[in-house]
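What follows is a single structure, written as structure tokens, with notes after it.
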Amino acid sequence: MTEFADGIEIGPDFVRFSQRDDIFSRADWDPEVAGPKADAFYQGYFMAGAKARPVEGFTLRDYALRNASWHIADVFSDLRRGDGRHEGFTDLFTAHRPGSAALADLPAPARLTAEIKQIARLFGADLVGIARSDPRWIYRESYRRASHSAVPNALPEDLPYAIVIGKGMDWSLTETVPSALAGAATGLAYSRDATTLVALAQYIRNLGYRAEASMNDSALAIPLAIQAGLGEYGRNGLLITPEFGPRLRLGKVFTDLPLEPDRPKRFGVKQFCDRCRRCAEACPVKAIPFDAPAATVHDRSNLIGVTKWTVHAAKCFGFWVNQNSDCSICIRVCPYNRDYSRWYHRLWRATAATWMRGILLWVERRLGRGERRPAGWWWKRLGSPNE
């Protein structure tokens, strides 16, 4: 068994994943997941299909904000819908102009890597890391929604590096999970992610090099993000970072620009998650495991041959469908979900990496951190002149 990173091990029976088996793709074609409720869930992201109701967090105003937050990501994804493409989600972005026919005179890889990270942040990235383009995490097939079929992955195989970016999600919105309002945190991160990725890829093309901007399409983002040194794998199946905890969305730009890869980082997440089960306890449908990492395969939406904490994707998505909005309860309740611009949260993070993590967990429970706030709290906070 080959260890890949904290919490993830790859066995000899490993099989590259097909995007057709992703839970969101299965909602199109698999009778075990697809159906009228799943259709209504997706239609809810268009205002004509939003099931607004007089329930806090699910009013017309809440859906209006959530759906507007997704607008930029949706504009990109719909650019070539007539060709059967869904860019950023099942297909690479193509919103590019021709780049330079000549190669730019560039500094040494170490300096160039530092520059690329600064430019990615200039374009809107909160986190940036460089990974080698590991073929194990590239989808062996992509998914074409128009035909409900697997198609060849269009990502070129000879791009050696992946620039992985992270975009933080709004903390205050995630405090209202589960609600349609909270979905605005997800949509806004994706919309900002899309513009950052396309701009960064265009910059690299303007230098005369190749670059492919990719969001949820083409490859698994979390393993690449771990390799790029952005964070560790958590019990909730998400990347946990020192800067945002699990509260971020990922994207990547694959390129042949000569860069220097980063190294995975460890700051105690695996050891903390071994003891903490807040996300598993809080999950309404018990989709998150309580046990140690294992090579569990709940259904075809899970990786084969990987030992890790594995979320039951069908249970998770079923809850989304039933409440008619995405869910991030596991993000809200995670003890790493903090504002690390504040010194006392940075002190907490450092302490969580020590033998005192058990004491911190006890204090967390006593204080009731991670409890849901009503949507009205967010709207009131928005209107306060002091916020």
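Bear in mind that the values in this text are calculations on the coordinates, not laboratory data. Here the structure is a predicted model, which means the values were calculated and not measured. Note: ideal-geometry Cβ built from the backbone for every residue, glycine included; neighbour counts use all protein chains shown.
Among K252, K51, a tally of other beta-carbon atoms within 10 Å of each Cβ gives an order, fewest to most, of K51, K252.
This ranking places E87, E9 by how few other beta-carbon atoms lie within 10 Å of each, fewest first, which gives E9, E87. Amide H to amide H distances under 5 Å link Y143 with V151, where only residues 5 or more positions off or on other chains count and H is placed in the peptide plane. For region 242-374, the alpha carbon convex hull comes to 172 Å³ per residue, rounded to a whole number.
Note on the chain: with charges restricted to the Cβ of Lys and Arg (+1) and Asp and Glu (-1), its dipole about the Cα centre is near 1220 debye. Fewest neighbouring Cβ atoms within 10 Å first, the residues I72, I359 line up as I359, I72. Taking every Cα-Cα distance in region 13-81 and sorting them into 10 Å bins from zero, the calculated P(r) comes out as 17, 35, 34, 11, 3, 0 percent.
According to the calculation over all Cα-Cα pairs in the chain, the P(r) per 10 Å bin from zero is 5, 22, 34, 27, 10, 1, 0 %.
I want to make sure I understand the PRE zone here: with the label point 7 angstrom from the Cα of A114 toward its beta carbon, which residues in region 245-278 have backbone N atoms less than 14 Å away? Only 260 pass the distance filter. Mean-square fluctuations from a GNM of the chain, with a 10 angstrom spring cutoff on Cα atoms, peak among P135, P246, P264 at P135. Proximity of backbone amide H atoms, modeled 1.01 Å from N, is registered between M169 and L248, R249 at under 5 Å, excluding neighbours fewer than 5 places apart on the same chain. Compactness ratio for region 1-137: Cα radius of gyration over 2.2 N^0.38 Å (N = residue count) comes to 1.46. Once you reduce region 161-208 and region 17-96 to the center of their Cα atoms, the two points are 16 Å from each other. Convex hull volume of the Cα atoms of region 64-183, normalised per residue: 176 Å³. Centre-to-centre separation between the Cα atoms of region 301-367 and those of region 239-300: 9 Å. In the chain, a dipole from Cβ-located charges (positive for Lys and Arg, negative for Asp and Glu) runs towards its positive end, and of T176, A40, A108 it is T176 whose Cα lies farthest in that direction. Over the chain, what is the mean sequence separation of C-alpha contacts under 8 Å (at least six apart), divided by residue count, expressed as relative contact order in percent? Computed value for the chain: 22 percent relative contact order. Put +1 on the Cβ of every Lys and Arg and -1 on every Asp and Glu Cβ in the chain; which of A292, F14, A154 then has its Cα farthest towards the positive end of the dipole? Most positive-ward Cα: A292. In this structure, the residue pairs whose Cα-Cα separation is over 19 Å, taken from K51/K315; K37/K308; K270/K308; K265/K308; K167/K270, are K51/K315; K37/K308; K167/K270.
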